[in-house]
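Down below is the structure, laid out as structure tokens.
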Amino acid sequence: MRNKYFKFASLCFISATLFGCAITEQTPNIETELRATGDMGVIIERATGQVQIIDHTDKTIVSEIDGLGDLSHASIVYSRDQRYAYVFGRDGGLTKIDLLKDKIDKRVIQSGNSIGGAISQDGKLVAVSNYTPGGVKVFNSETLELVATIDSTILTTKPKNKDGSPVRSKVVGLVDAPNNKFVFSLFDSHEIWVADFSGIENGKKMQLTKFSDIGLFPYDALISGDGRYYIAGLFGEDGMALLDLWHIDKGVTRILNDYGKGEQKLPVYKMPHLEGWAIAGDHAFVPAVGQHKVLVISTKTWQQVAEIPAHSQPIFVMAQPDNRQIWVNFAYPDNNTIQVFNTETFELVNTLTPGPAVLHMEFTPRGEQVWMSVRDNNEVQIYDTQTQTLLKTLPSKSPSGIFFTNRAHQIGL
């Protein structure tokens with residue numbers, strides 16, 4: 001009996017030892033191979049056709065990837081699992097980057113000149129809006145194979161292209177909307193279209209809904225965070241166009257009829273990006289075109305209720321994730337300045353001067369940090385949002401857009 005217990009104990013000891021050795025041998029590989037994506041992001045280096053992959057918890061640069069073409073007006077969306085970044089280049093390039101392998105996964109040149117894109121609610125489709133030849137192209141997000149081409153309106157008053165093809169309207173303001181829809185504006189033909197891909201997996205064709213005469217030359221657009229309101233800014237006249245996607249049958253309505261250059265025709269150094277609107281509580285904080293102020297809009301009535309004097313002409317007005325403060329950057333020649341305002345009192349909290357050409361800001365998911373691209377200093381600066389103090393500076397070649405992976409789970413981003 002004693003021998004049986006001895007043999008059993010010996011076997012247990014040997015098994016435990018071997019199992020422990022196996023774990024000891026595998027652990028280093030697991031530690032070195034695994035990388036989480038939830039605290040990562042991508043910085044556009046616009047002058048060199050490169051991007052940097054970063055870790056915003058450690059505040060470090062993970063890698064740098066080149067070969068992305070013209071990134072002078074580049075933007076990014078992410079796959080649902082946050083592993084892949086889709087980069088929309090100005091040269092028509094659509095590039096899929098693997099954040100875990102630090103390399104380009106796939107790349108296609110889908111047009112001659114593109115201006116942003118979006119990813120569908122289910123993450124299976126990537127859409128790109130084009131200046132040349134106009135229209136929208138939609139791709140399989142996994143393979144980048146073409147799924148659909150949406151030709152924009154032909155401009156009958158324009159002479160044909162050199163190849164004999166008709167000139168079509170430029171497409172701007174492309175966003176994703178709930179139920180696998182894309183919404184976009186047609187600059188030259190003054191339209192807003194909704195492309196519905198909700199049933200294509202069951203054999204249903206894509207459905208297009210078109211709204212005409214929405215206002216002159218929509219130049220950019222945004223969608224509210226809940227996916228309900230699509231709002232296009234108008235370059236050709238004051239005011240904006242609003243489409244309520246919950247009640248699409250009501251069509252496009254006009255709001256903020258005085259939004260634009262207004263009565264005093266000031267020089268506009270840069271049109272503000274509408275995706276830089278801040279919506280906090282019942283208010284939208286909007287950069288005034290050509291004016292040194294931020295407009296406060298009621299999101300219940302879509303009427304202006306107040307205005308905030310600002311340092312110069314605002315470009316981006318961005319809210320912290322807790323909505324307590326907005327951060328504002330400005331057009332040239334005053335683009336070395338950032339101002340922070342309280343969203344309850346509208347009072348100025350702080351004025352910062354990070355350096356020349358502060359082009360973009362991005363908040364970490366819970367808002368404890370804000371990252372700023374300071375293009376002409378070739379650096380990205382990281383600030384504590386509570387104290388507005390500089391935490392760290394990272395080198396970056398002519399940085400512009402900064403995009404964190406939490407955007408993967410936000411509508412319109």
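Quick notes on this structure:
- For the stretch 84-99, 3J(HN,Hα) computed residue by residue from phi via the Karplus equation (6.51, -1.76, 1.60; θ = phi - 60°) reads 10, 10, 9, 9, 9, x, 5, 7, x, x, 10, 10, 9, 10, 8, 6 Hz, glycine and proline entered as x.
- Formal net charge of residues neighbouring residue 196 (Cβ-Cβ distance under 11 Å; K, R +1; D, E -1): +3
- Going by accessible surface with a 1.4 Å probe and the largest first, 163, 322, 98, 105 read 163, 322, 105, 98.
- Rolling a 1.4 Å probe across the protein heavy atoms gives the stretch 89-186 an accessible surface of 41 Å² per residue.
- Pairwise FRET efficiency - residue 205 versus residue 292, Cβ, R0 = 56 Å, nearest 0.05: 0.70
- Highest average packing first - 373-383, 145-155, 87-97, Cβ atoms within 10 Å: 87-97, 373-383, 145-155
- D (Stokes-Einstein, µm²/s), Kirkwood Cα radius, the stretch 292-374, 1.306 mPa s at 10 °C: 121
- With a simple spin-label model that places each label point 7 Å from the Cα along the Cα-to-Cβ direction, the separation between residue 323 and residue 106 comes to 3.9 nm.
- Each peptide in 68-75, 123-130 receives the mean, over its residues, of other Cβ atoms within 10 Å, and ordering these scores from highest gives 123-130, 68-75.
- Treating r as the C-beta distance of residue 345 and residue 250 and R0 as 30 Å, the FRET efficiency rounds to 0.25.
- Over the residues of the chain, the helix contribution to mean residue ellipticity at 222 nm works out to -3000 deg cm²/dmol, using -39500 (n - 2.57) for each DSSP H run of at least 4.
- Carbon plus sulfur fraction of accessible area for the stretch 272-328, probe 1.4 Å, in percent: 45
- Going through (i) -0.24, -0.43, -0.83; (ii) -0.28, -0.46, -0.82; (iii) -0.29, -0.52, -0.98, the figure that equals log10 I(q)/I(0) by the Debye sum over Cα atoms at q = 0.06, 0.08, 0.11 Å⁻¹ as computed for the structure here is (ii).
- Counting Lys and Arg as +1 and Asp and Glu as -1 over every other residue whose Cβ lies under 10 Å from the Cβ of residue 62, the net charge comes to -3.
The values are calculated or read from the model by the stated rules, or taken from the named source; none is laboratory data. Here the structure is a predicted model, which means the values were calculated and not measured. Don't worry about glycine lacking a Cβ; one is built from the backbone with ideal geometry, like all the others, and counts go over all protein chains shown. Just so you know, the surface numbers come from the protein's heavy atoms only, side chains and all, with ligands and any DNA or RNA stripped out. Shrake-Rupley method; radii C 1.70, N 1.55, O 1.52, S 1.80 Å.
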